[in-house]
1. Return the whole-Å distance between the Cα centroid of segment 114-133 and the Cα centroid of segment 188-238.
2. Under a Cβ-Cβ cut-off of 14 Å, what is the net charge of the residues other than Leu159 that fall near it, where Lys and Arg count +1 and Asp and Glu count -1?
3. Net charge near Val233, counting Lys/Arg +1 and Asp/Glu -1 over other residues with Cβ under 10 Å of its Cβ?
4. How long is segment 76-192 along each principal axis, judged by its Cα atoms, biggest number first, in Å?
5. Express in nm, to one decimal, how much length is gained between His97 and Tyr57 on full extension, taking 0.36 nm for each residue of separation and deducting their alpha carbon distance.
6. Sum up the charges of everything whose Cβ sits under 11 Å from the Cβ of Ser244, counting Lys and Arg as +1 and Asp and Glu as -1, but leave Ser244 out.
7. Could you work out the relative contact order of segment 65-154, using alpha carbon pairs under 8 angstrom and six or more residues apart, expressed as a whole percent?
8. What is the extension gain from Arg252 to Thr113, computed as 0.36 nm multiplied by their sequence separation minus the C-alpha to C-alpha distance, in nm to one decimal?
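What follows draws every value from the coordinates through simple rules; no lab data is involved. Owing to the predicted nature of the structure, the values given are computational and were not obtained by experimental measurement. Heads up, the Cβs are rebuilt from the backbone with ideal geometry, glycines too, and the neighbour counts pull from every protein chain shown.
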Amino acid sequence: MVFSLISAKMRFVNLVSKSRIGFFSLLVLSHLLVLTTPRLAGAETSLLENYSLRDLYMAPIATVYEPNQKVWNVPGLSILGVGTIGSVVVQQTIDPHFPKPTRTPEYRQFSSTVSDIGLFLPYITTGAFFLGTPLLKKGTQEQRYTFQTAVELCESQVLTLVSSLVLKYAVTKKRPDGSNFFSFPSLHTSMAFSTAGMLLYRYPWYVGLSGLGVATLIGFSRIDLNKHYTSDVIAGAALGLLFSTGVHYLHRGREQMKAGALSQISLSPFVEHGHYGLTFSTQF
């Protein structure tokens, strides 16, 4: 029974990792959850007020320039620069000379397990936020924040996935083990860092750092299994962090713009010559 379950799991993992269809199916499911969760949670919460498919083509712009506040995204520019330069330098200097590690069967099994977990963990994380939203008290700030985190995670993952696959098919870099020509960038790593980066922005530092630690472990497992060069993992990490930064800054800029608009509106009562009422004023 145990061996049958293990065999079935490995066949499923192999199908998803090779066909890529599984990745898109999981993301379609995530988007369906975006649309159905407000009904489960109650329409009065207006959970979708900050969600638009327009974000999927605005977020790449926001990775370098935030269009709502009209400011440069300094963290995004830094990630783009360091990731690009770092990947190129490592490819020229470290990749050709990096020795293949000598592993015991136990150590290899550990890396294989971490790699398998890394294949699904980003989607499980996003799904947990979506499914957890209806469990929170309706209309509360906590519920809104949880759902908004799920939306931003989903957007970041969609952009990271599509960009990673486009680069894989455009670059066609041979894997270290020679299995195929989809080495650059590491998709496991990019998706893991996309998720970890968003958690770093949305939650306390220890949550974000824990996520980055797990993402780093997933990246190392791909190198250890001889599936990627170090430069592939660096590029994947930079790509994931870049889109999580862009999505976060896009939403944050929109929220700040709304807050600024509200702060310019005033409503005050008046009593004058036996008359009373309210005065409304705003600034444009």
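1. Result: 14 Å between the Cα centres.
2. Cβ neighbours under 14 Å give a net charge of -2.
3. +1
4. Projected onto its principal axes, the Cα set of segment 76-192 covers 56, 39, 23 Å.
5. Roughly 10.5 nm would be gained on extension.
6. -1
7. Computed over segment 65-154, the figure is 16 percent.
8. Result for the pair: 46.4 nm of gain on full extension.
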